[in-house]
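Colleague: Let me begin by handing over the structure; questions about it come next.
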Amino acid sequence: MHKDDFAHLPDWVQRYLKPVNEVPLIPALIGYGDSFIELLKQIPESKGSYAYAEGKWTIKEVAGHVIDCERILAFRALHIARGDTHPLPGFDQDDYVANANANSRKLHEMVNEMAHLRASTIDLFSSFTDEMLRQKGSANGLVLSAEILGYFIAGHALHHEKILRERYL
C-alpha cells in the first residue's frame, strides 16, 4: 500500500499503518499476528492481571482489546468490500474493555481465541479480490478502504505488542 493511500487519515490512524504498510497485506496479517500471539504465549497466567500503572489496562485487557478491535475492523472491511454504503459507527474502546470481563478469563484461552480469530481474519482478507480491497466506505466518520482496514488490524496488534514489551514485561 502506498503512503498516499492513507495520507488523508488522521494521525491516530496513520500511527498503526506506517509501521506495516511496506509489507504485502496477507504476510503483514500473518507476521504481526503470529508475533503478538507468541508474545502472549510467553506471559505467565500469574501476570495476566498486571497493569504497569494505576488506571492502565491489564495484560488480559490489552489482549481482549486487540481481539475486540480485530473483530470490529474485520467486520468493517467485510461491510465495505461487499459494497455496503451505509456508514458504520465508531465505538468507545474503554467501554468495550470495561464490559469485556477480561480479567476473569484465562490468558491461555484468550491466546487461543486470538489465534483462531487471526486465522479467520486472514481467510477473510485472502478471499477479497483487488477490487474488493480497494472498495471504500465510511466507518467512524472516516473514508476507508477494506485494504486500509486490513493494515490497521496488522498495525494495531504490532502497536500493542510494542506497548506490552516496553511497559509490561
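The values are calculated or read from the model by the stated rules, or taken from the named source; none is laboratory data. None of the values given here were measured: they were computed from a predicted structure. Heads up, the Cβs are rebuilt from the backbone with ideal geometry, glycines too, and the neighbour counts pull from every protein chain shown. Quick note on the areas: whole protein, heavy atoms, side chains included, nothing else; ligands and nucleic acids left out. Shrake-Rupley method; radii C 1.70, N 1.55, O 1.52, S 1.80 Å.
Colleague: Taking K and R as +1 and D and E as -1, what net charge do the other residues with C-beta under 11 Å from the C-beta of Phe125 add up to?
Modeller: Values: positive: Arg118; negative: Asp123, Glu147.
Its environment carries a net charge of -1.
Colleague: Kirkwood hydrodynamic radius, computed over distinct alpha-carbon pairs, for region 41-169: how many Å, to one decimal? Could you put the intermediate results ahead of the total?
Modeller: Working: mean 1/r = 0.0642 Å⁻¹.
Kirkwood radius, region 41-169: 15.6 Å.
Colleague: Write down the accessible area per residue of region 17-169 in Å², having rolled a 1.4 Å probe over the full set of protein chains. Walk me through the numbers before you get to the answer.
Modeller: Details: 7540 Å² over 153 residues.
Accessible area per residue: 49 Å².
Colleague: While we're on this one: Anything over 24 Å Cα to Cα? Flag those among Lys41/Lys136; Lys60/Lys162; Lys56/Lys162; Lys41/Lys162; Lys106/Lys162, in the order listed.
Modeller: Working: Lys41/Lys136 36 Å; Lys60/Lys162 15 Å; Lys56/Lys162 15 Å; Lys41/Lys162 15 Å; Lys106/Lys162 22 Å.
As for pairs spanning more than 24 Å Cα to Cα, those are Lys41/Lys136.
Colleague: Just how many % of Cα pairs in region 13-101 lie over 23 Å apart, if you round to the nearest whole percent?
Modeller: Values: 1474 of 3916 pairs.
Of all Cα-Cα pairs in region 13-101, 38 percent lie more than 23 Å apart.
Colleague: Using only Cα atoms, locate the centre of region 81-103 and the centre of region 135-169, then give the distance between them in Å, rounded to an integer.
Modeller: Each part's Cα centre sits 13 Å from the other's.
Colleague: Accessible area of the chain with a 1.4 Å probe: how many percent of it is carbon plus sulfur?
Modeller: Using a 1.4 Å probe with all protein chains present, the chain comes out at 50 percent carbon and sulfur.
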